[in-house]
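Written out below as structure tokens is the structure these notes cover.
The values are calculated or read from the model by the stated rules, or taken from the named source; none is laboratory data. Everything numeric here is computed off the predicted structure, so don't read it as measured data. Counting neighbours? That spans all protein chains shown, and the Cβs are built from the backbone with ideal geometry, glycine included.
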């Protein structure tokens, strides 16, 4: 199994639920566990929220996805400046809301990489190993057995 998709969305808050719906529906249809889907959707929402709120550029942001037998990889791209230094008083232990998104993403996915530059925008790479519902595992095993027998 190998699935790829891409979305180009306006930098407005109502676009974030669209990403959640497309990614969530695709993963659920493939048989990914609800807990795994929830982790991916929260991390993706954080990345998209950052693109919408902090890119300071006009135009769209883009979401690219790739799902294979083991992992989901999402790439969220905008044309903003990227993460900025944390203001004083908003470090660890602070009650400030800004800046928590990266920590949330790190906690929910296996790999997080943020590539950013003033002339090239920001790309957030999220990768998570998938866990499968029992019936999805059975279908995958049956396909493998049929393929190896044929």
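In region 74-83, which residue that is buried (at least 16 other Cβ atoms within 10 Å of the Cβ) and more than 12 Å from residue 27 (Cβ to Cβ) is modelled with the lowest pLDDT? Before you say what the answer is, go through the steps one by one.
First, pick out the residues of region 74-83 that are buried (at least 16 other Cβ atoms within 10 Å of the Cβ): 74-82.
Filter once more, keeping what is more than 12 Å from residue 27 (Cβ to Cβ): 75-82.
Numbers: 75: 98, 76: 97, 77: 95, 78: 92, 79: 85, 80: 72, 81: 66, 82: 59.
The residue in question is 82.
Give the residues of region 19-65 that are under 15 Å from the mean Cα position of the chain (by Cα) and not in a helix (DSSP H, G or I), sorted by residue number.
Of everything in region 19-65, those that are under 15 Å from the mean Cα position of the chain (by Cα) and not in a helix (DSSP H, G or I) turn out to be 32, 61, 62, 63, 64, 65.
Residues are listed down the side, and each one gets a yes or a no for (1) more than 23 Å from residue 116 (Cβ to Cβ); (2) free of Cβ contacts under 8 Å to residues at least 40 places away in the same chain; (3) in contact with a strand residue (DSSP E or B) (Cβ under 6 Å, 6 or more places away or on another chain):
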{"site": "14", "(1), (2), (3)": "yes, yes, no"}
{"site": "27", "(1), (2), (3)": "yes, no, no"}
{"site": "44", "(1), (2), (3)": "no, no, yes"}
{"site": "75", "(1), (2), (3)": "no, no, yes"}
{"site": "79", "(1), (2), (3)": "no, no, yes"}
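Given 96, 107, 136, which one is under 21 Å from residue 33 (Cα atoms), surrounded by 11 or more Cβ atoms within 10 Å (Cβ to Cβ) and modelled with pLDDT under 80?
Working: 96 fails: under 21 Å from residue 33 (Cα atoms); 107 fails: modelled with pLDDT under 80.
From the options 96, 107, 136, the qualifying one is 136.
I need a count of the residues in region 38-60 that are over 20 Å from residue 25 (Cβ atoms) and crowded, with 20+ Cβ neighbours inside 10 Å.
So the answer is 3.
Go through (1) without any contact (Cβ under 8 Å) to a residue 60 or more places away in the chain; (2) exposed (fewer than 13 other Cβ atoms within 10 Å of the Cβ); (3) touching a strand residue (DSSP E or B) at 6+ places or on another chain (Cβ under 7 Å) and name the single condition residue 4 misses.
(1)
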